[in-house]
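Right, one structure below, let's go through it.
The values are calculated or read from the model by the stated rules, or taken from the named source; none is laboratory data. In this text the structure is predicted, and so the values were computed from the model without any measurement. As a convention, Cβ positions derive from the backbone with ideal geometry for all residues, glycine included, and neighbour counts pool all protein chains shown. Remember, those area values only see protein heavy atoms, side chains included, never the ligands or the DNA or RNA. Shrake-Rupley method; radii C 1.70, N 1.55, O 1.52, S 1.80 Å.
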2 protein chains.
Amino acid sequence: MDVPSATSRWPVRLARMGFRFEVLKTDPSGARLGRLTTPHGVIDTPAFMPVGTAGTVKGLTQQALTDLGVQILLSNTYHLYLRPGHETIRRLGGLHRFMAWPGAILTDSGGFQVFSMANLRKLTDDGVVFRSHLDGSEHFLTPEKAIEIQQALGSDIAMVLDECIEYPAERERAAAAMKRTTGWAERSREYACANGGASITPGQVLFGIVQGGAYADLRRDSARQIVDLDFPGYAIGGLAVGEPHALTCEMTALTAAELPADRPRYLMGVGLPEQIADYVACGIDMMDCVLPTRNARNGCLFTSAGKIHIKNARYAEDPGPLDERCSCMVCRTYSRAYLRHLYLANEILASILNSHHNVAFFLDIMGKIRQAIAFGDLAGFSSQLQAHLEAGQP
Amino acid sequence: MDVPSATSRWPVRLARMGFRFEVLKTDPSGARLGRLTTPHGVIDTPAFMPVGTAGTVKGLTQQALTDLGVQILLSNTYHLYLRPGHETIRRLGGLHRFMAWPGAILTDSGGFQVFSMANLRKLTDDGVVFRSHLDGSEHFLTPEKAIEIQQALGSDIAMVLDECIEYPAERERAAAAMKRTTGWAERSREYACANGGASITPGQVLFGIVQGGAYADLRRDSARQIVDLDFPGYAIGGLAVGEPHALTCEMTALTAAELPADRPRYLMGVGLPEQIADYVACGIDMMDCVLPTRNARNGCLFTSAGKIHIKNARYAEDPGPLDERCSCMVCRTYSRAYLRHLYLANEILASILNSHHNVAFFLDIMGKIRQAIAFGDLAGFSSQLQAHLEAGQP
């Protein structure tokens, strides 16, 4: 079905130009197999989005991303706003053209980085004043400004500015942040409706974000408030920030239950290979995580038999592939011994190959999850994956 | 013609298995178009060999090297001996298998690095004692040991250990180093003849190296002594170490004139794009240089209009390709503005793309040089290239 159904409330350019979400099948677990259509291509869901912080997925060329089958990646508003600047990117034709990436792009609002990386100076209902982690310069980020920046970048999917809190957080603090998030979502929606044409990508859509900490009732309230604003898609934010996995799943499931079935659901900033299927079973359609690329640069590699620290001496003369069950370019071509050598010698190729494999591994898991949903047996796949991962652990 | 013609003096396994050099055409300038056949493929000469110091050409995957048309690369005995160790590589099936590179490999003897990077402890006619730049451990490198290591690596072309001196150097010093180099070449040849079967690559050949500093008569004497030992190929070492380009050319030309026409000639460690054709005109068939990859990592890019420092503010919003006359993947895909952003953000992709372009640029020049020789007009190509490069300079 087309999204949103309540098109009358959205400007046509925002709601209809190129954006479409269809649920093709639902698994007994609650997992959904779907198809998301954007101005820059179709995305099979559930989808894992590699993170391209500063307009590049670290260690991978855009050709490698294409070869890996990446259909959508995430890029960071905060980083691109500070460097090279969103107006520079606008003048260069938008982020797709700037980074020569033909596929879809989702941009975050910059909020998460402002709350975690920048030097936070002042937070009010108006917005947030912060100092750049690069040069200490002062900036003022508002819900409207976050949209304006993302319109200049021209991502396919933009995110509203939300207030991210830590875990654990007092109920009062969670409630206040949730309230502010709703207020900001209203302003974001208004600004986007009034200025939809300003985006360098016609058909750019805006997703709302549900907050509420680890409080079930706050999560439900937040979801209802955000859904009431009628976004073409919904994200669940503020999870996987230190709480136990079971709690993440609990909050995700009860939030997802409040979201309309015909809109895509995006769980922000997750997850571990052994957790991905759990989130999908909660009805999640999209997720992103820096783990595959960040861990790769630290020599931590994901395999079907668990994590490998490639610097380990046991791999010094290991002629085998990183992961015998993986068919990626790295596993087809190079040995563990060579990968260990590259890592110890601090060679650029270590980052290239490790990133390539880890991203391939995450995408492969997600591909298998989609296949399992198509066969109606995600639970079977999950227990099989879990058994492999546990068997491989020392 | 097959090489060497005086096969009776060489073990068959060394001289005949897979190694062959043919001069296809000679240009009025003295440049030669040729074809070098090795156990790992055919190399069109004159050839530029990218440098893969530690078993990887920095910033490039082996697939990228293949895509770039690289037929032969150079790897460093000193580095691989120290890490991961030549016996490790031997046990893993040799350097080709270790690094998953199907093309040809030339290994240096390690001498140049011992004289330039390591902590040199003692130099005698026996060999050289040095301390590792990695961990300070002490090692003893002899002509025989250099062969043994290269046999474990299994390169297609191994080099004899020689004594490298600085420029300028006193005549006495140059003469002594030349004499020692000849002695070491004799021992290398003997060891290789006696132990040819020990190489992990059947058909591995050994090149001699001419020294003699910047003294014409010493160069001629050295060439005659080394040629008298009848190697399947000859290198000219100890040049491009700080002397004027004209002097490099003079020494190269007079040395090349002493070398047999039916063997490949390799000028070590050169050169700049504007100098390559000069060396080819001296009758050089092979050369190697770290410049394209090292400069790439420092944001210094070679183009048909001269060098570009990509961090320059003038490229901040430049949507054009790095080099309008270049058809490499980078120039076809990315803008100067994006390359500048990647460099300033210290992204891995900066090193990847910059290295890719610079190596493509050097290979492209060499390809055009081969074409010019085929047309019998290397001089015409040289002056055209020079004009372009000069026109592009500020």
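Values as computed for the structure displayed
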item	result
Copies compared at A:Ala313 - label distances in nm, ascending, label defined 7 Å from Cα in the Cβ direction	5.4
Reciprocal mean inverse distance between Cα atoms of the stretch A:163-224 - Kirkwood radius, Å	12.8
Kirkwood Rh in Å, taken over the stretch A:263-325 so that all alpha-carbon pairs contribute	13.5
Inter-centroid distance (Cα atoms) of the stretch A:239-292 relative to the stretch A:132-190, Å	20
Dipole magnitude of the stretch A:244-294 about its Cα centre (Cβ charges: Lys, Arg +1; Asp, Glu -1), debye to nearest 20	140
Where the protein assembly as shown is the region considered: accessible area per residue in Å², 1.4 Å probe	36
Within a Gaussian network of chain A (alpha carbon springs, distance under 10 Å), most fluctuating of A:Ala146, A:Ala177, A:Ala100	A:Ala100
Shape box of the stretch B:225-335 [Cα atoms, principal axes, largest first, Å]	59, 27, 21
Part-to-part distance (alpha-carbon centres) for the stretch B:30-74 and the stretch A:328-391, which is given in Å	31
Kirkwood Rh in Å, taken over all unlike Cα pairs in the stretch B:43-177	15.7
All-pairs Cα distance distribution in the protein assembly as shown, expressed in whole percent, bin size 20 Å	15, 41, 28, 15, 1
Contour minus Cα-Cα distance for A:Lys122 and A:Ala379 (0.36 nm per residue)	87.9 nm
D (Stokes-Einstein, µm²/s), Kirkwood Cα radius, chain B, 0.890 mPa s at 25 °C	115
Other protein chain Cβ atoms within 10 Å, averaged over every residue that makes up B:58-67	4
Rounded to 5, percent antiparallel among DSSP beta bridges of the stretch A:169-316	35
Spread of Cα-to-Cα distances over 5 Å intervals beginning at zero, given as percent, for the stretch A:135-262	2, 12, 21, 21, 18, 14, 9, 4, 1
More than 19 Å apart - percent of Cα-Cα pairs taken over the stretch A:326-394	49
Mean residue ellipticity (222 nm) of chain A, computed from DSSP H runs ≥ 4 via -39,500 (n - 2.57), nearest 500	-12500 deg cm²/dmol
Accessible area (Å², 1.4 Å probe, nearest 10) - B:Glu144	50
Of B:Arg219, B:Arg32, B:Arg314, the one that fluctuates the most in a GNM where chain B has Cα springs shorter than 10 Å	B:Arg314
Within straight-line cross-link reach of B:Lys307, aspartates and glutamates at Cα separation under 14 Å, skipping those fewer than 8 residues along the same chain	B:Glu274, B:Asp323, B:Glu324, B:Glu390
Unpartnered cysteines - no second Cys beta carbon under 4.7 Å - across chain A	A:Cys164, A:Cys193, A:Cys249, A:Cys282, A:Cys289, A:Cys300, A:Cys328
Distances in nm from B:Arg297 to the matching label points in the other copies, shortest first (labels 7 Å along Cα to Cβ)	1.6
Descending semi-axes in Å of the stretch B:100-200, equivalent ellipsoid built from Cα gyration tensor	23, 17, 13
Cα-only radius of gyration and Dmax that characterise the stretch A:245-290, units Å	9.9, 28
Choice from A:Thr124, A:Thr293, A:Thr77 with maximal GNM fluctuation in chain A (Cα, 10 Å cutoff)	A:Thr124
Averaged over B:95-107, number of beta-carbon atoms from partner chains that fall within 10 Å	2
Pairs beyond 19 Å (Cα-Cα), from B:Lys58/B:Lys145; B:Lys122/B:Lys179; A:Lys145/B:Lys311; B:Lys25/B:Lys368; A:Lys25/A:Lys368	B:Lys58/B:Lys145; A:Lys145/B:Lys311
Protein accessible area in the stretch A:237-394, 1.4 Å probe - carbon and sulfur %	50
Within the stretch B:29-107: Cβ-based charge dipole about Cα centre, in debye rounded to nearest 20 (Lys, Arg +1; Asp, Glu -1)	160
Proximal charge balance of B:Leu254 [Cβ under 15 Å; K/R count +1, D/E count -1]	-2
